[in-house]
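**Student:** Have a look at the structure that comes next, please.
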Amino acid sequence: MARLNFLNVSIDNLTTTELLEQLKQGGAVYTPNVSHLLRLQWDKDFYDLYQDAEFSICDSQILWYASRLIGTPIREKISGSDLFPAFYNYYRNDEDVTVFLLGAAEGVGEQAKQNINNQVKRNMVLDTYSPSYGFEADTEECEQIIERINRSKATTLAVGLGAPKQEKWIHANRHRLVHVKVFLAIGATIDFEAGQVQRSPKWMSKVGLEWAHRILMEPGRLGKRYFNDFLPFLWLVLSELLGLYQNPFVENQTCVTAELSNMA
Ligand code: UDP
């Protein structure tokens, strides 16, 4: 099955290699995790833009386990932080693929750029920009960013602003980015690529404990986030298992089904 529904998000049931191959055609990649899934229950704008993404992949091992429990097994967890290095390594010899990094604190993007370009042994990352706090509401800064990305002629835009800011920014501006074919929403990946924040050991990520490592790294910000997400997520999974789950943005699901069957 190429696309499966998990609560009210569709997930492309692809392996990393299949996804990298399909990205030759371009598209935006969003990486749903537990936080995204919770937001998708109440943030209509976020829900709507998710419907327009060409690719939506499973970022979280917890989601991967839950998909098995629910009976819609996702083949592979592909977190944004794994996808991005896989992407630049896969396309390292394809001179048509170039990257712009948008996000992270001042200087971090530049460090990530150097690290990546050293690794792939070419000038693959062309430019970076660290936006100011609250930039998304500043039309002038957004215009400057668009102009800078267009000037760079980069064909891939990797946006690390955290959710939902990064997805909303991509959705609102992608049509104005004339050279960009691939849009990657990658959260804290620019920090990882710069060596600014340490990623969890592979074994922790594999068994679904990456969140624990991230809490240790940033206890104040992320401890609260994960703690607040835990019970509501458990409830969502339980309601799906009990057949009680209703997509809040699809009204009268049973009526629509009834009307369709009347028309048949
Ligand atoms: N960030 C940013 N500008 C903002 C908000 C966040 O550049 O206005 C960056 C921040 O520096 C960090 C990343 O976005 O690099 C935060 O990612 P987060 O940990 O929230 O993402 P996750 O990986 O959990 O989706």
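What follows is calculated from the coordinates using simple rules that are stated; it is not laboratory data. Just so it is clear, the structure is predicted and the values come from calculations on it, not from any experiment. Neighbour counts run over all protein chains shown; Cβ positions are idealised from the backbone, glycine included.
**Student:** Using DSSP, restrict attention to beta bridges with both residues in the chain and report what percent are antiparallel, rounded to the nearest 5. The partial results should precede the final answer.
**Tutor:** Values: 4 of 22 bridges.
Beta bridges within the chain, antiparallel portion: roughly 20 percent.
**Student:** Quick one: if the Förster radius is 41 Å, what FRET efficiency do N5 and R151 give, using the C-beta to C-beta distance and rounding to 0.05?
**Tutor:** 0.55
**Student:** Can you give me the Cα centroid spacing of the stretch 211-225 and the stretch 123-185 in angstrom?
**Tutor:** Answer, in whole Å: 27.
**Student:** Still on this structure, I have one more. Among residues other than F183 whose Cβ falls under 10 Å from its Cβ, what is the net charge (Lys/Arg +1, Asp/Glu -1)?
**Tutor:** Net local charge, F183 excluded: 0.
**Student:** If you take the charge dipole of the stretch 27-69 about its Cα centre, with +1 on Lys and Arg Cβ and -1 on Asp and Glu Cβ, which of H36, Q51, I62 is farthest toward its positive end?
**Tutor:** I62
**Student:** Positive end of the charge dipole of the chain (Lys, Arg +1 and Asp, Glu -1 on Cβ, about the Cα centre): tell me which of I186, I116, W203 has its Cα farthest that way.
**Tutor:** Working it through, the farthest residue towards the positive pole turns out to be W203.
**Student:** Please determine, in degrees from 0 to 90 and to the nearest 10, the orientation of helix 139-152 with respect to the longest principal axis defined by the Cα atoms of the chain, where the helix direction is its Cα long axis.
**Tutor:** Once rounded, one gets 70 degrees.
**Student:** Now, a different point. Run the quick spin-label model on E54 and E95: label points 7 Å from Cα toward the beta carbon, then report their separation in nm to one decimal.
**Tutor:** The modelled label-to-label distance comes out at 2.3 nm.
**Student:** Right, here's the next one. Assign unit charges at the C-beta atoms only (+1 for Lys and Arg, -1 for Asp and Glu), then state the dipole size of the stretch 11-135 relative to its Cα centre in Debye, rounded to the nearest 20.
**Tutor:** 380 debye
**Student:** Using a simple spin-label model with points 7 Å from Cα along the Cα→Cβ vector, what separation in nm is obtained for L244 and Q198?
**Tutor:** 4.3 nm
**Student:** Here is a follow-up. Compute the FRET efficiency between E140 and I70 as 1/(1 + (r/R0)^6), taking r as their Cβ-Cβ distance and R0 = 41 Å, and round to the nearest 0.05.
**Tutor:** Values: r = 46 Å, r/R0 = 1.11.
The computed FRET efficiency comes out at 0.35.
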